[in-house]
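Let me begin by presenting the structure, written as structure tokens, before commenting on it.
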Amino acid sequence: MDILEEKNIKLRAIEPSDADLIYEWENDSSVWHAGNTIEPFSRHIINQYVKNAHLDLFQSKQLRLMIDLKSEKGEPVETIGSVDLFDIDSFHQKAGIGILIEKEKYRNKGYAGQALDVMIRYAFNVLLLHQIYCNIDEDNEPSLNLFKKKGFQITGNKKDWIRTKNGWKNELFLQLINSNN
């Protein structure tokens, strides 16, 4: 099996044909809170992002891979989400990580866990990072459970970090440190 694959999913680079899908996802206001977004993206900006997705990840300091659901034969069936490394810091060998499974019907089926396994393997064995981290709202139990299950530990609590229409939320900081490097 390829390093970018798991049982049911395969991670792949962004293709120009993904621009419409990324545009749709990035402009879905129901998930903006997870990425600290408060405004929509133009189609032009998304097209520029896709056009420049080939740039060296250590220069751009980010990498987005698309999550493709595989058929029983291993062929891609549908793109169901993406997983990102961001703020890649080659000197300190660390990066943030985020994951999106866009449609509700694909959540809680293990696909996010498989994608996270692949990205962790890639981050530690190919990029040779020392650690990856994420920031999760304290009330986002599904994400907290997923990342803790993969070995991430809560190492910080940012009090009143996220302002919502219902008041302030704390955001938890989680880290996974590669003890092999």
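The values are calculated or read from the model by the stated rules, or taken from the named source; none is laboratory data. As the structure is a prediction and not an experimental result, all values here were calculated from the model. As a convention, Cβ positions derive from the backbone with ideal geometry for all residues, glycine included, and neighbour counts pool all protein chains shown.
Table for the structure above
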read-out	value
Those residues of the stretch 142-168 which are over 22 Å from LEU100 (Cα atoms) and not in a strand (DSSP E or B), in sequence order	LYS165, ASN166
Filtered residues of the stretch 127-141 (kept if part of a strand (DSSP E or B) and of a type outside the set (Asp, Glu))	GLN131, ILE132, TYR133, CYS134, ASN135, ILE136
Scope the stretch 58-104; condition within 15 Å of PHE124 (Cα to Cα), in a loop (DSSP other than H, G, I, E, B) and in contact with a helix residue (DSSP H, G or I) (Cβ under 6 Å, 6 or more places away or on another chain); matching residues	SER90
Members of the stretch 103-120 found to be more than 11 Å from ILE9 (Cα to Cα) and not hydroxyl-bearing (Ser, Thr, Tyr), listed by number	LYS103, GLU104, LYS105, ARG107, ASN108, LYS109, MET119, ILE120
Subset of the stretch 24-39 (residues that are under 16 Å from GLU102 (Cβ atoms) and modelled with pLDDT under 75)	ASN27, ASP28, SER29, SER30, VAL31, TRP32, HIS33, ALA34, GLY35, THR37
Subset of the stretch 105-121 that is part of a helix (DSSP H, G or I) and of a type in the set (Lys, Arg) - its residue that is nearest to GLU26 (Cα to Cα)	LYS105
Candidate set: the stretch 1-13, residues that are touching a strand residue (DSSP E or B) at 6+ places or on another chain (Cβ under 6 Å) and among the aliphatic types (A, V, I, L, M); chosen: the one nearest to ILE46 (Cα to Cα)	LEU11
Some residue of the stretch 79-99 being without any contact (Cβ under 8 Å) to a residue 40 or more places away in the chain, surrounded by 16 or more Cβ atoms within 10 Å (Cβ to Cβ) and farther than 27 Å from ILE14 by Cα	no
Among the residues listed as PHE173, PHE147, the single one being over 21 Å from SER60 (Cα atoms), buried (at least 16 other Cβ atoms within 10 Å of the Cβ) and in contact with a helix residue (DSSP H, G or I) (Cβ under 9 Å, 6 or more places away or on another chain)	PHE147
Qualifying positions in the stretch 131-181 - in contact with a Lys or Arg (Cβ under 8 Å, 6 or more places away or on another chain) and of a type in the set (Ser, Thr, Tyr)	TYR133
Filter result for the condition that a residue is modelled with pLDDT of 95 or more, in contact with a Gly (Cβ under 9 Å, 6 or more places away or on another chain) and not aromatic (Phe, Trp, Tyr), over ALA95, ALA112	ALA112
